[in-house]
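Asks: Could you have a look at this structure, given as structure tokens, before my questions?
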Amino acid sequence: MPPDFFSGRHAGLLVPLFSIPSRASWGIGELCDFPILGEWLRDAGFSFVQLLPLNEMAWGQHSPYSALSAMAIDPIFISPQRMVDFGPSGAEAVLDPGERDALAAARTSNTVDYHGVRTLKSRAFRAAFERFERDEWRQETPRAAALQAFSDREAWWLRDYALFRALKAREGGRGWLEWRDALRDREPQALAAARADLARDILFFTYLQWIAAEQWQQARRAAGVGVFGDFPFMVSGDSADVWSRQHDFRLDTSVGAPPDAFSETGQDWGFPAYRWPEIAAKGDEWLRARARRSADLYDGYRVDHLVGFFRTYVREPDGSAAFVPSAEPDQIAQGVRLLSLFTETGTRVTAEDLGVIPDFVRQTLASFEVPGYKVLRWEREWDKDGRPFRDPCGYAAVSVATSGTHDTETMADWWDSAPPEERRAFAQLDAARAAGLSDADPFSDRVRDAFLTVLFKSGSDLLILPIQDVFGWRDRINTPAVVSEANWCWRLPWPVEDLQRERDALERARFLRRLAESTRRLAA
């Protein structure tokens, strides 16, 4: 049983699932690799792990924040070696010699080769499904009944998703806006005909979600730690959700972030904007369904880009841009309504409230007792002389202390590139001095551990540490606003099972456990 995350002090690790492949996995961290990570997490005194979204991405896409579905688990995370439908010979037996060479290359790659992994797994999954269809589905076995029960239970999202995926496959991957009018516009007769014509492909995509669900729930139980997921602000315009709920979105616009100190032009994320009045009129049913799905998959979840749920920065076709809703009372009312929706699921919710955030957003968070984020390097008294750092020991209990996020540079790179006055201001913190930190020190293992000590002592009940900062590595998960093959592709330097063998990993677990014990964060 995971701990009670609504009480007490806890420490967690931020690491993407794709980053933790084992020797048996196919070049990417898989659902069945998670319990192996869980063993090390328990040894290190961590209560939970914070994952990035597991939602299905399109072919050619690396970002988990641009998904084909807000509900579906990406089949790329399925563990082929755990699928019984390959029979006693195992998954690799269905590959030809060239494909086995490609698998060997994917396993030894320093980064995740999404295209290669997805190609190999798609080939293998088709072979597994053919066996299932022949030996189970047509024979109406207990496993066939289990798939049918899953399909019936999850029909509220799975029915449209499986049809969308089958249509997209038939259309050669083209976006739904390019489909013929009747399917694009979801005319009932066209949908019924497609369901009949594509029944086998629909069953295939349903089968993959069933396998993913079974593997994920087994992995969660076996891991022995809590799991926090991620609730992305948007999904891709070319997604099952937008196709099936077109009236909830403005397809002629895109959302992003306004200009600020970090970007003179702001950001354009390319996602269609919500039609907030229409969504509210229907009881926020899609967002409510997403919250329900997240509560089913995780012990808690982080709401991405929280401020966007209060006010969305919408870019119009004519180049103009504005917040929607525009009036502050309407923004507050909308945020209160949606925060109520997120918190009523009964699972622990945290909120990413970083960047330029109006005071009323954080005031609303506080009224709901939803923890916002305290990123150590950004928690400063910006209006005071010298911009001193806030003492982490004074962070509110209802908050998340962290050294960084998946978007930020690592702690090592920040420290070595920080201006002298910034390092000097940080080193003046009582907790930093107590940990022996000097502003003259370049980043080292000793500096790393001083930072970790400061963070563990923070007043925040929840502490989340990116795995890079735990080890002092400089590798990034993502560099925002940069299109790069390196984004979202980082892997551990060794297979995940070696966390129990590598000297550095064993030393880190001992050190972190001592910190957790001394700061009352040790997992029960």
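The values are calculated or read from the model by the stated rules, or taken from the named source; none is laboratory data. If you're wondering where the values come from, they're calculated on a predicted model, not measured in any experiment. All Cβ positions, even for glycine, are placed from backbone atoms using ideal geometry, and neighbour counts span all protein chains on display.
Asks: Checking the condition within 25 Å of Val242 (Cβ to Cβ) and touching a helix residue (DSSP H, G or I) at 6+ places or on another chain (Cβ under 7 Å), which residue from Met71, Met57, Met83 passes?
Replies: On the way: Met57 fails: touching a helix residue (DSSP H, G or I) at 6+ places or on another chain (Cβ under 7 Å); Met83 fails: within 25 Å of Val242 (Cβ to Cβ).
After ruling out the rest, the residue left standing is Met71.
Asks: May I pose another question? Would you mind stating whether Arg186 is basic (Lys, Arg) and under 30 Å from Leu287 (Cβ atoms)? Can you show your working first?
Replies: Numbers: basic (Lys, Arg): yes; under 30 Å from Leu287 (Cβ atoms): yes.
It is true that Arg186 is basic (Lys, Arg) and under 30 Å from Leu287 (Cβ atoms).
Asks: Restrict the check to the range 127-137 and report whether at least one residue is buried (at least 18 other Cβ atoms within 10 Å of the Cβ), at pLDDT 95 or above and in contact with a Leu (Cβ under 6 Å, 6 or more places away or on another chain).
Replies: No - not one qualifying residue is present in the range 127-137.
Asks: Name every residue in the range 484-504 that is surrounded by fewer than 19 Cβ atoms within 10 Å (Cβ to Cβ) and in a helix (DSSP H, G or I), in order of residue number.
Replies: Looking only at the range 484-504, we keep the residues that are surrounded by fewer than 19 Cβ atoms within 10 Å (Cβ to Cβ), and these are 484-487, 493-494, 497-498, 500-504.
Scanning the range 484-504 gives Glu497, Asp498, Gln500, Arg503, Asp504.
Asks: If you don't mind, there's one more thing I want to ask. From the list Asp241, Asp284, Asp252, which one is buried (at least 19 other Cβ atoms within 10 Å of the Cβ) and closer than 26 Å to Glu187 by Cβ? Before the answer, list the steps.
Replies: Details: Asp284 fails: closer than 26 Å to Glu187 by Cβ; Asp252 fails: buried (at least 19 other Cβ atoms within 10 Å of the Cβ).
Unique residue meeting the criteria: Asp241.
Asks: Still on this model: Starting from the range 184-206, take each residue that is on the phi > 0 side of the Ramachandran plot and list its partners that are in a helix (DSSP H, G or I), counting only C-beta distances under 8 angstrom and pairs at least six apart or across chains.
Replies: Arg186/Trp243; Arg186/Ser244; Arg186/Gln246
Asks: Looking only at the range 96-120, count every residue that is crowded, with 18+ Cβ neighbours inside 10 Å and either assigned to a loop (DSSP other than H, G, I, E, B) or without any contact (Cβ under 8 Å) to a residue 24 or more places away in the chain (or both) and tell me the total.
Replies: 3
Asks: Scan the range 310-331 residue by residue and report those that are surrounded by 14 or more Cβ atoms within 10 Å (Cβ to Cβ), of a type in the set (A, V, I, L, M) and within 20 Å of Glu278 (Cβ to Cβ).
Replies: Matches in the range 310-331: Val314, Val324.
Asks: Restricting attention to the range 227-246, and to residues there that are polar (S, T, N, Q) and within 20 Å of the chain's Cα centre (by Cα), which single residue is modelled with the highest pLDDT?
Replies: Among those that are polar (S, T, N, Q) and within 20 Å of the chain's Cα centre (by Cα), it is Ser239.
Asks: Another question, if that's okay. Quick one: in the range 211-226, which of the residues that are crowded, with 22+ Cβ neighbours inside 10 Å and closer than 17 Å to Thr347 by Cα is nearest to the chain's Cα centre (by Cα)?
Replies: The selected residue is Gly226.
Asks: Looking at Asp439, Asp475, which one is touching a helix residue (DSSP H, G or I) at 6+ places or on another chain (Cβ under 9 Å), free of Cβ contacts under 8 Å to residues at least 24 places away in the same chain and not in a helix (DSSP H, G or I)? Quick ask: steps written out before the conclusion?
Replies: Numbers: Asp475 fails: free of Cβ contacts under 8 Å to residues at least 24 places away in the same chain.
Going through Asp439, Asp475 in turn, the sole match is Asp439.
Asks: Check the range 351-367 and report whether any residue there is buried (at least 17 other Cβ atoms within 10 Å of the Cβ), among the polar types (S, T, N, Q) and in contact with a Leu (Cβ under 7 Å, 6 or more places away or on another chain).
Replies: yes
Asks: Any chance you could count how many residues in the range 247-296 are modelled with pLDDT under 95, within 24 Å of the chain's Cα centre (by Cα) and of a type in the set (Val, Ile, Thr)?
Replies: 0
Asks: Would you please name the residue that is surrounded by the fewest Cβ atoms within 10 Å (Cβ to Cβ), looking only at residues in the range 42-95 that are modelled with pLDDT of 95 or more and polar (S, T, N, Q)?
Replies: Once the filter is applied, the top-ranked residue is Gln81.
Asks: Return the total of residues in the range 370-422 being modelled with pLDDT of 95 or more, under 17 Å from Pro480 (Cβ atoms) and of a type in the set (D, E, K, R).
Replies: Total satisfying the criteria: 3.
Asks: What are the pairs with Cβ atoms under 6 angstrom where one residue, in the range 266-290, is touching a residue at least 12 places away in the same chain (Cβ under 8 Å) and the other, located anywhere, is in a loop (DSSP other than H, G, I, E, B) and basic (Lys, Arg)? Sequence gap at least six, or different chains.
Replies: The qualifying pairs are Trp286/Arg245.
Asks: How many residues, within the range 210-251, are of a type in the set (Asp, Glu) and in a helix (DSSP H, G or I)?
Replies: Selection size over the range 210-251: 3.
Asks: Name the pairs whose Cβ atoms lie under 6 Å apart, with the first residue in the range 125-154 and touching a residue at least 24 places away in the same chain (Cβ under 8 Å) and within 21 Å of Gln81 (Cβ to Cβ), the second hydroxyl-bearing (Ser, Thr, Tyr) and assigned to a helix (DSSP H, G or I), and 6 or more positions between them or separate chains?
Replies: Sorted first by the residue in the range 125-154, then by its partner, the pairs are Phe129/Tyr207.
Asks: From the list Ala434, Ala450, Ala481, pick out the single residue that is surrounded by fewer than 16 Cβ atoms within 10 Å (Cβ to Cβ), of a type in the set (Gly, Ala, Ser) and either farther than 29 Å from Ala523 by Cβ or modelled with pLDDT of 95 or more (or both).
Replies: Working: Ala434 fails: either farther than 29 Å from Ala523 by Cβ or modelled with pLDDT of 95 or more (or both); Ala450 fails: surrounded by fewer than 16 Cβ atoms within 10 Å (Cβ to Cβ).
Result: Ala481 is the single residue among Ala434, Ala450, Ala481 that is surrounded by fewer than 16 Cβ atoms within 10 Å (Cβ to Cβ), of a type in the set (Gly, Ala, Ser) and either farther than 29 Å from Ala523 by Cβ or modelled with pLDDT of 95 or more (or both).
Asks: Could I ask something else about it? Look at Asp304 and say whether it is in contact (Cβ under 8 Å) with a residue 40 or more places away in the chain, closer than 26 Å to Ala401 by Cβ and buried (at least 18 other Cβ atoms within 10 Å of the Cβ). Show your work before the answer.
Replies: Working: in contact (Cβ under 8 Å) with a residue 40 or more places away in the chain: yes; closer than 26 Å to Ala401 by Cβ: yes; buried (at least 18 other Cβ atoms within 10 Å of the Cβ): no.
No.
Asks: Within the range 301-323, track down each residue that is modelled with pLDDT of 95 or more and on the phi > 0 side of the Ramachandran plot.
Replies: Residue satisfying the conditions is His305 alone.
Asks: If you check every pair at least six apart or on different chains, which have Cβ atoms under 6 Å apart with a residue in the range 395-415 that is over 20 Å from Ser460 (Cβ atoms) first and a residue that is among the hydrophobic types (A, V, I, L, M, F, W, C) second?
Replies: Listed pairs, sorted by first residue: Ala412/Phe443; Trp415/Phe443.
Asks: Next question. Which is under 27 Å from Leu297 (Cβ atoms), surrounded by 18 or more Cβ atoms within 10 Å (Cβ to Cβ), modelled with pLDDT of 95 or more and in contact with a Pro (Cβ under 6 Å, 6 or more places away or on another chain), of Leu208, Leu147, Leu167, Leu163? Spell out the reasoning first.
Replies: Numbers: Leu147 fails: in contact with a Pro (Cβ under 6 Å, 6 or more places away or on another chain); Leu167 fails: in contact with a Pro (Cβ under 6 Å, 6 or more places away or on another chain); Leu163 fails: in contact with a Pro (Cβ under 6 Å, 6 or more places away or on another chain).
From the options Leu208, Leu147, Leu167, Leu163, the qualifying one is Leu208.
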